[in-house]
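Values in this text are rule-based calculations from the coordinates and carry no lab data. None of the values given here were measured: they were computed from a predicted structure. When we count neighbours, we look across all protein chains shown, and the Cβ atoms used for this are built from the backbone with ideal geometry, even at glycine.
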Amino acid sequence: MSTGKPGVLKFVGLVVVAVALVIIAAGLYVRETFRSGALQEKIFTAVAPKVVTSPQESNLLHQLLGFEQPKTYLVLFLNNTEIRPGGGFIGAYAVLRVDKGVPTVLKVDGSESLDNAALEDFASPPLAPLAEFLKVKRWLFRDSNWSPDFASSSINGLRLYTAEQGLLADKIDGVIGFTPTIIEKLLTFTGPVTADGVVFQSKNFTEQLEYEVEYNYAKRGLEFKDRKKILTALTRSTLEKAIPDIVLHWGKYLDWSEQMLKEKQLVFYARDPKTQDAFRLKGWSGELLPTPGDRLIWSDANLGALKTDWAITRSLSYAISPATNTGAYQGSVTMKYVHGAPADWRTSRYLTYARLFVPPGTRLIGATITRPGASKPETIKIVDQGTEGAWQWFGATLTVPLQSSAELRFNFLLSPEVATQISVGDYHLRWHKQLGTPTQRLTLNLDFDTPLKSAIPGEAAAARGDKKYQVTAELNTNKDFAVQLAPRSKIPSP
């Protein structure tokens, strides 16, 4: 990630609305220039040098803002209180057109409206967990983001959006995904906003919106099919209040948006390969790119547990130890879930379909569940396994009772490639943060059975001087770890 001058993709939406505000203010007396795009070009020329680092980035921004031809984006509202692998349940979506720097929201609607209107003969067999726990007969748009790789989820989402005859499906240039965490922070800058007589504040934005669209719509005289129309008014009122503040204090918004991109609360996908390459280079594509060495990601999917993720606290731990005298290593990853709330309109027992993504060649040993008061861990009889791109995964279902806790653990043998890197004294680990999740505690207890020479990040002073790498990190972004070791004599067999 570049740490220098803010880059072109720091927050495309920020530039869009800033440009739009100035254009609207000037539009009354330069109407013809506004229509031709000449005024916007002048504004772009003045603003672009403040947010780009090269002519190439400036040209890309010029394209993204629709100066060469209009651009159309599918915007996904990813509800991370109902977490899914691709960031959160797609409760709603919008279609955004940008023409010569001017954004126009063409549609805002609930995803169920699109899904319910899908043709009866539309064949789309559901994934096994969706069929089992949600009792759905088809894989539809709202459940499309099943991959923790945002590009893969976007491609699948666009496939289903097209099959369900979504608005301008054949014109979509890219996908923008964001979670309510974005709006909660935005409202700390702007203050409360009002939509259809309902006041939304930062501290309870997500809860208030969920209540309005799930329960309170009837009290406001709306039918079920119209319950998410408040999103249109909310989008409009938020932009109207945010735009002036963005223009006046754009620096703090650039810093904030960069942090949201790092934390994967905001992600981008582009159909154009060159644009997608730019997103990938900046680290904002949400892709699970293969990297040399060890790499892992834990992916949760809330299946029929209401919006219970708001009440769940997660903590991860990863342990490595020598498995045999052949140079092999055994690993285990444990996720502890603590459910901290009683039942109410948005909270139930928690049910997740959890998957651990690991390097190819990793061999599953088994999986267990540990519950408070249990005399020993419960062995999971059948663990799902599969592959996706340059990854393989193990999967299992876990239920966490109200105001209780549970631990799910996967045990495995590290891939020969990773074991070899340890044996030659050069271990690298990248832990990918799941899209949309809050910060989690990550604890590493890696017994390499050979002395450590150096490590980044370093251990606490009390933990140094042995054959283990023991650190704790806050998993709010992707995390990298590098350990230099004394080479071992045993090199694992392929």
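Placing +1 on the Cβ of every Lys and Arg and -1 on the Cβ of every Asp and Glu, with no other charges, gives the stretch 116-233 a dipole of roughly 180 debye about its Cα centre.
The distance linking the stretch 114-134 with the stretch 268-300 is 28 Å (Cα centroid to Cα centroid, whole angstrom).
Charge dipole of the chain (Cα centre as origin; +1 on each Lys and Arg Cβ, -1 on each Asp and Glu Cβ, all else neutral): 560 debye, rounded to the nearest 20. Tell me, Kirkwood radius of the stretch 328-479 from alpha-carbon pair distances, in Å? After inverting the pairwise mean of 1/r, the radius is 17.4 Å.
Converting phi to 3J(HN,Hα) with the Karplus coefficients 6.51, -1.76 and 1.60 and the offset θ = phi - 60°, the stretch 428-433 yields 10, 9, 10, 9, 7, 7 Hz in sequence order, with x at every glycine or proline. With 30 Å as the limit on Cα-Cα distance, the pairs of Lys307/Lys468; Lys219/Lys264; Lys274/Lys433 that go past it are Lys307/Lys468; Lys219/Lys264. Converting phi to 3J(HN,Hα) with the Karplus coefficients 6.51, -1.76 and 1.60 and the offset θ = phi - 60°, the stretch 61-73 yields 4, 4, 5, 4, 8, x, 7, 8, 7, x, 10, 10, 10 Hz in sequence order, with x at every glycine or proline. Of all lysines in the structure, the ones whose alpha carbon falls short of 17 Å from that of Lys376, not counting any fewer than 8 places away in one chain, are Lys336.
Arranged by the count of other C-beta atoms within 10 angstrom, fewest first, what order do Leu475, Leu134 take?
The order, fewest Cβ neighbours first, is Leu134, Leu475.
With helices as the sole contributors, the chain gives -8500 deg cm²/dmol at 222 nm; each DSSP H run of n ≥ 4 counts as -39500 (n - 2.57), and the sum is divided by every residue. Computed from the Cβ-Cβ distance with R0 of 25 Å, the FRET efficiency linking Ile365 to Lys453 stands at 0.25. Summarising the label geometry, the points placed 7 Å from Cα in the beta-carbon direction at Ala461 and Asp344 lie 4.6 nm from one another. Per-residue packing, averaged as other Cβ atoms within 10 Å, sorts the ranges 251-258, 299-306, 420-427 into the order 299-306, 420-427, 251-258, beginning with the highest.
On the basis of the beta-carbon distance and an R0 of 51 Å, Asp245 and Glu417 show a calculated FRET efficiency of 0.55. The calculated pair-distance distribution of the stretch 12-282 uses every alpha carbon pair, bins of 5 angstrom beginning at 0, and gives 1, 5, 12, 16, 19, 17, 14, 9, 5, 2, 1, 0, 0 percent. Applying the Karplus relation 6.51 cos²θ - 1.76 cosθ + 1.60 with θ = phi - 60° to the stretch 207-217 yields 3J(HN,Hα) values of 4, 5, 5, 4, 5, 5, 8, 9, 9, 7, 4 Hz, where x marks Gly and Pro. Taking every alpha-carbon pair in the chain and binning the separations at 20 Å intervals from zero gives 21, 52, 24, 2, 0 percent.
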